[in-house]
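Asks: Handing you this structure, nothing more for now.
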Amino acid sequence: MVSNQQSALHELGWNDWFAQRTRCKPAHTVARVAAVDREQLLLVDQSGTFRAKLAGSFLHRHRLAHELPCVGDWVCLDRQPGDDFSMVHSLVERRTSLRRKAAGSAVEHQMIAANVDVVVIVQSCQGDFNVNRLERYLVMVTDGGAEPYILLTKTDLVDPGVMASQTAEIRTAGITAPIAQLSNVTRDGVDDLKRMLLPGKTYCFVGSSGVGKSTLINHLIGRELLETASVSGTGEGRHTTTRRELIRLENGALVIDNPGMREFGIVGAESSVSSCFDDISTLAISCRYRDCGHTGEPGCAVLEAVQSGALKRKHYENYLRLRKESEFYQLSHAEKRKKDRAFGRFIKAVKKDMRDF
């Protein structure tokens, strides 16, 4: 049944990559997760949207939060014709993902979206612009396998010189991702963004609260589907999005809106840190020691570039911060897994003792 569905599901982002990796049972169908509401899922397939919940056997096998379906995932389910509620039995392998460290001191990570083609990182030209935070987003977008796209909003609130300066600052930091600018008020740049969004591709919009994500998506949709709030006197928006949701535009592109995120913790992305700071990685080739940490070793080409002004100190310090954060997560996660395995062996031993008794 899955193979018969495939052509109809291409409009929702399905492709041969998923078809080759799907392990659904012959009687099962596939659908995409459009939203997660507590213990229920809102799914979409060629017939429309419907509700579902996770089978007990699935929950028994997958206890960690990042193992559960999130917006953008494809799932295998048991649904009879005419049913408006179904049961999810398994998760199709993710092609790409966007994740962050879970809030608080937990060592786990939180899934934001799955199977995204492009992550649109939204920052406001007025008040919200921050290259360090932008680099943080870029690391996790790259780590998850999606393409990054930078969008600067509220251009009507700043002078053209400010926009040019911000673009130059992004490029000086070695960031090569495409950059676009627009205003939700004047609509300048909105049509250019629409042309960038392609049918059957999935775009996830992320950024801080109040940068205009929901208002922008309403413009793209052509109606007030997402709740928005008026802007304050300072030009700062108010956070209104309360859940992640997959929405299909008239031209066939798929977009995911997200609640505002000021915190975006790095989770085990050491290789992506290096690739996103390519200028530093290139300099590191000339360091005297192959394992140079770029923090005080003699003959460090990176430190020499910082001292000469060839490499901006803020850029260098953010690189060290993100690398340290990634390494700390990896170490903490490894320690937690070690403790979990030890506890699992203890439980098995106790059960064995009880059977022998």
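Asks: Just to be sure, is residue 283 at pLDDT 65 or above and either charged (D, E, K, R) or crowded, with 17+ Cβ neighbours inside 10 Å (or both)? Before you say what the answer is, go through the steps one by one.
Replies: Details: at pLDDT 65 or above: yes; either charged (D, E, K, R) or crowded, with 17+ Cβ neighbours inside 10 Å (or both): yes.
Yes; evaluated as a whole, the condition is true for this residue.
Asks: Okay, next question. Answer yes or no as to whether residue 55 is surrounded by fewer than 18 Cβ atoms within 10 Å (Cβ to Cβ), within 21 Å of residue 82 (Cα to Cα) and free of Cβ contacts under 8 Å to residues at least 60 places away in the same chain. Show your work before the answer.
Replies: Values: surrounded by fewer than 18 Cβ atoms within 10 Å (Cβ to Cβ): yes; within 21 Å of residue 82 (Cα to Cα): yes; free of Cβ contacts under 8 Å to residues at least 60 places away in the same chain: yes.
Yes.
Asks: From the residues in the range 114-135 that are hydrophobic (A, V, I, L, M, F, W, C) and either in a helix (DSSP H, G or I) or outside the structural domain of residue 160 (by TED's automatic domain parsing) (or both), which one is nearest to residue 34 (Cα to Cα)?
Replies: Initial filter on the range 114-135 (hydrophobic (A, V, I, L, M, F, W, C)): 114, 116, 118-122, 125, 129, 131, 134.
After this cut, where a residue has to be either in a helix (DSSP H, G or I) or outside the structural domain of residue 160 (by TED's automatic domain parsing) (or both) as well, the list is 131, 134.
Values: 131: 31, 134: 27 Å.
Among them, the one singled out is 134.
Asks: Another one. In the range 61-80, how many are touching a Phe, Trp or Tyr at 6+ places or on another chain (Cβ under 8 Å) and either free of Cβ contacts under 8 Å to residues at least 12 places away in the same chain or surrounded by fewer than 23 Cβ atoms within 10 Å (Cβ to Cβ) (or both)?
Replies: 1
Asks: Go through the range 1-89 and tell me which strands (runs of 3 or more DSSP E), entirely inside it, have 1 or more residues that are farther than 26 Å from residue 109 by Cα and in contact with a Leu (Cβ under 9 Å, 6 or more places away or on another chain). Give the derivation first.
Replies: Numbers: elements: 29-37, 40-45, 48-54, 74-78.
Those strands (runs of 3 or more DSSP E) span 29-37, 40-45, 48-54.
Asks: Right, another one. Could you run through the range 176-214 and say how many residues are closer than 17 Å to residue 152 by Cβ, of a type in the set (Val, Ile, Thr) and crowded, with 21+ Cβ neighbours inside 10 Å?
Replies: Count: 2.
Asks: Of the residues that make up the range 256-272, is at least one crowded, with 19+ Cβ neighbours inside 10 Å, within 22 Å of residue 135 (Cα to Cα) and at pLDDT 90 or above?
Replies: Yes, the range 256-272 has at least one match.
Asks: Filter the range 166-175 down to the residues that are part of a helix (DSSP H, G or I), surrounded by 14 or more Cβ atoms within 10 Å (Cβ to Cβ) and not charged (D, E, K, R) and list them by number.
Replies: Let us first name the residues in the range 166-175 that are part of a helix (DSSP H, G or I), namely 166-172.
This time we only want the ones that are surrounded by 14 or more Cβ atoms within 10 Å (Cβ to Cβ), so: 166-167, 169-170.
Result: 166, 167, 170.
Asks: Tell me the residue from 139, 158 that is in contact with a helix residue (DSSP H, G or I) (Cβ under 6 Å, 6 or more places away or on another chain) and at pLDDT below 95, please. Quick ask: steps written out before the conclusion?
Replies: Values: 158 fails: in contact with a helix residue (DSSP H, G or I) (Cβ under 6 Å, 6 or more places away or on another chain).
Matching residue, one of 139, 158: 139.
Asks: Where residues in the range 137-186 are out of contact with any strand residue (DSSP E or B) (no Cβ under 9 Å at 6 or more places or on another chain) and of a type in the set (D, E, K, R), which of them is nearest to residue 218 (Cα to Cα)?
Replies: Among those residues, the one meeting the criterion is 156.
Asks: Which numbered condition in (1) in contact with a Lys or Arg (Cβ under 9 Å, 6 or more places away or on another chain); (2) crowded, with 16+ Cβ neighbours inside 10 Å; (3) closer than 24 Å to residue 277 by Cβ; (4) not hydrophobic (A, V, I, L, M, F, W, C) is the only one that residue 142 fails?
Replies: With (1) in contact with a Lys or Arg (Cβ under 9 Å, 6 or more places away or on another chain); (2) crowded, with 16+ Cβ neighbours inside 10 Å; (3) closer than 24 Å to residue 277 by Cβ; (4) not hydrophobic (A, V, I, L, M, F, W, C) applied to residue 142, the lone miss is (1).
The values are calculated or read from the model by the stated rules, or taken from the named source; none is laboratory data. Just so it is clear, the structure is predicted and the values come from calculations on it, not from any experiment. Don't worry about glycine lacking a Cβ; one is built from the backbone with ideal geometry, like all the others, and counts go over all protein chains shown.
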